[in-house]
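K.L.:
So that we are looking at the same thing, I have put the structure below in structure tokens.
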Amino acid sequence: MITILKHGRDGTSIATDQANIRATVESIIADIKARGDVAVRELSVRFDNWDRQDYQLTDAEIRNCVADLTEQNLRDIRFAQEQVRNFAVHQREALTDIEVETLPGVILGHRNIPVQSVGCYVPGGKYPLLASAHMSVITAKVAGVPRVATMAPPYKGRPASAIVAAQSMAGADEIYCLGGVQAIAAMALGTENIAPIDMLVGPGNAFVAEAKRQLYGKVGIDLPAGPTETLVIADDTSDAEMCATDLLGQAEHGPSSPAIFLTTSEILAKATMEEVERLLTILPTGDVARQAWNDYGQVIVCTTEDELIDEANRIASEHVQVMTRDPDIFLERLTNYGSLFLGPRTNVAYGDKVIGTNHTLPTAGAARYTGGLWVGKFLKTVTYQKVLTDEASAMIGEYCSRLCMLEGFAGHAEQANIRVRRYGGRNVPYASAAE
């Protein structure tokens, strides 16, 4: 039996918010499509109080941002980037081109070709989320993307030095200080001063996520990656302080970040709720985390481990932290999640910042059908075929012709028939090989 001790906002009010976001984003994209750089500049002033003639940072500005950081800052960024790069390299090596002879004289293969230009969005209006630069730029470069452009909003009225440094150290080819929907639309549509890209990647708030959704098709996107979500799964072997800390550690991202606690212990559930309230009074980010917890936090008590697993798969959270007697059971049985954090010694912050896995992950239930950002997202697996002998072409042609006529495609059939006549020596009448 499942008992809900704390609900989030009701679905109707959330749907109203989403409708308003959709309308706002649609209007902004249409404006940028019509007016280009002029609209981008007006929107940047309106939303970020940030005005420049050219939003691309110069080499001197980038060097100055790097110089703002301490040697320890730079060592820490290098360490995190090494971890992301190492894992990305292993992932890339797992993706191999293939060529096989499936029938005598018939060669089939595929190649993994990188996307040629990628725009990476790095959130940074509320916090300078430099980790998103590692996750997107490095992964794209390991995949072999030749042009990587980055966009990040200003932070406290100027380019965020830590973000700019991380973008530069990761290997970005173009670095812009521009945020929000205007940044996403400018990359996708192109303007007089910003060349369009082929693919958009990176997390963001609900408006950024909606902009990517609306622009999908014009460009490729990595995945729906909106406000951060976390799901903490625990049993009576865990403790309330750690559970509450892991919930609020993600709720501080923003006021619409869901944090859900799933447990088989009602005692732990109630203790965790009390601990959340205590921590909210002392966390420097408590105001933001409290709004997220009040509006989107949930506490769900299950009777059995099977119920825990079913609920977790139903929720399909971006991050899933498991602190139970045997966390590996969840590795074996969970199917819907962005990234899994097993045992109390790891946590979502490790994945967000430094451990090496990618933190751009599916939200809003998208974990039901996609994983997170990784090297493979930047690669197009494209196929090719070669028929090397007359005999093989004639043999395949006879099958193809009959199947085409079964579907009524006479022109398709003739593509096969001409090869049966030419390479097989059979006088097949025009588009009648099915007879």
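The values are calculated or read from the model by the stated rules, or taken from the named source; none is laboratory data. Since the model is a prediction, treat every value here as computed from it, not as a measurement. Neighbour counts run over all protein chains shown; Cβ positions are idealised from the backbone, glycine included. We work out accessible area using only protein heavy atoms, side chains counted, and drop any ligands, DNA or RNA first. Shrake-Rupley method; radii C 1.70, N 1.55, O 1.52, S 1.80 Å.
K.L.:
On a full-extension model of 0.36 nm per residue, what is the gain between K33 and E71, subtracting their alpha-carbon distance, rounded to one decimal in nm?
P.N.:
Details: separation 38, 0.36 × 38 = 13.68 nm, distance 4.26 nm.
Full-extension gain reported as 9.4 nm.
K.L.:
Plugging the Kirkwood radius over Cα pairs into Stokes-Einstein for the stretch 388-431, at a temperature of 4 °C and a viscosity of 1.567 mPa s, what D comes out in µm²/s?
P.N.:
Details: Rh = 9.9 Å.
Reported coefficient: 131 µm²/s.
K.L.:
Same structure again: Quick one: of K218/K377; K141/K380; K218/K353; K6/K270; K33/K218, which pairs are farther than 19 Å apart, Cα to Cα? Provide the component values of the computation, followed by the final result.
P.N.:
Details: K218/K377 17 Å; K141/K380 14 Å; K218/K353 31 Å; K6/K270 10 Å; K33/K218 12 Å.
In this structure, K218/K353 exceed 19 Å between Cα atoms.
K.L.:
Placing +1 on the Cβ of each Lys and Arg and -1 on the Cβ of each Asp and Glu in the chain, which of I107, I14, A271 has its Cα farthest towards the positive end of the resulting dipole?
P.N.:
Of the candidates, I107 comes out farthest on the positive side.
K.L.:
A further question follows. How big is the C-alpha Rg of the stretch 99-149 next to the rule-of-thumb value 2.2 N^0.38 Å, as a ratio? Display every interim value, and only then the final one.
P.N.:
On the way: Rg = 18.1 Å, N = 51, 2.2 N^0.38 = 9.8 Å.
Scaled against compact globular proteins, the figure is 1.84.
K.L.:
Once Rh is set to the Kirkwood radius over Cα pairs, what Stokes-Einstein translational diffusion coefficient, in µm²/s, holds for the stretch 1-123 at a temperature of 37 °C and a viscosity of 0.692 mPa s?
P.N.:
Rounded, D is 153 µm²/s.
K.L.:
Given Cα pairs under 8 Å that are at least 6 residues apart, what percent is the relative contact order of the stretch 246-316? Before the final figure, lay out the partial values.
P.N.:
Details: 88 pairs, mean separation 31.9, N = 71.
Answer for the stretch 246-316 is 45 percent.
K.L.:
Oh, and also: Determine which lysines satisfy two conditions relative to K156: a Cα distance under 18 Å, and not lying fewer than 8 residues away in the same chain.
P.N.:
K126
K.L.:
Using a 1.4 Å probe and counting only protein heavy atoms, arrange Y423, Y337 so the residue with the most accessible area comes first. Write down the numbers at each step before the final one.
P.N.:
Values: Y423 100, Y337 55 Å².
So the residues, ranked largest to smallest area, are Y423, Y337.
K.L.:
Calculate how many DSSP beta bridges within the stretch 226-361 are antiparallel, expressed in % of all such bridges and rounded to the nearest 5.
P.N.:
Details: 0 of 18 bridges.
For the stretch 226-361, the DSSP antiparallel bridge percentage is about 0.
K.L.:
Can you pull the percent of the stretch 130-205's accessible area that's carbon plus sulfur, 1.4 Å probe, other chains left in place?
P.N.:
Working: 910 of 1810 Å².
Here it works out to 50 percent.
K.L.:
On average, how much accessible surface per residue is there in the chain, in Å², for a 1.4 Å probe, leaving out ligands, DNA and RNA? Mind showing how you got there, number by number?
P.N.:
Numbers: 20560 Å² over 435 residues.
Per-residue value: 47 Å².
K.L.:
For the chain, give the share of DSSP beta bridges that are antiparallel, in percent and rounded to the nearest 5; count only bridges with both residues there. Write out the running numbers ahead of the final one.
P.N.:
Working: 19 of 52 bridges.
In the chain, DSSP labels about 35 percent of beta bridges as antiparallel.
K.L.:
Percent of Cα-Cα pairs per 10 Å bin, from 0 to the last occupied bin, for the stretch 317-435, please list those.
P.N.:
Going from the shortest bin to the longest, the percentages are 13, 25, 13, 8, 16, 18, 7, 0.
K.L.:
Just to be sure I understand the curve: with the Debye formula and one point per C-alpha of the chain, what is log10 I(q)/I(0) at q = 0.06, 0.13, 0.14 Å⁻¹?
P.N.:
Debye curve over Cα of the chain, log10 I(q)/I(0) at q = 0.06, 0.13, 0.14 Å⁻¹: -0.34, -1.11, -1.22.
K.L.:
Counting just the Cα atoms, what span does the stretch 223-370 cover along each of its three principal axes? Round to the nearest Å and put the largest first.
P.N.:
Over the stretch 223-370, Cα extents along the principal axes are 38, 34, 26 Å.
K.L.:
Given R₀ = 51 Å, what would the calculated FRET efficiency be for N427 paired with E266, taking r from the Cβ atoms and rounding to 0.05? Kindly include the intermediate steps, with their values, before the conclusion.
P.N.:
On the way: r = 82 Å, r/R0 = 1.60.
After rounding, the FRET efficiency stands at 0.05.
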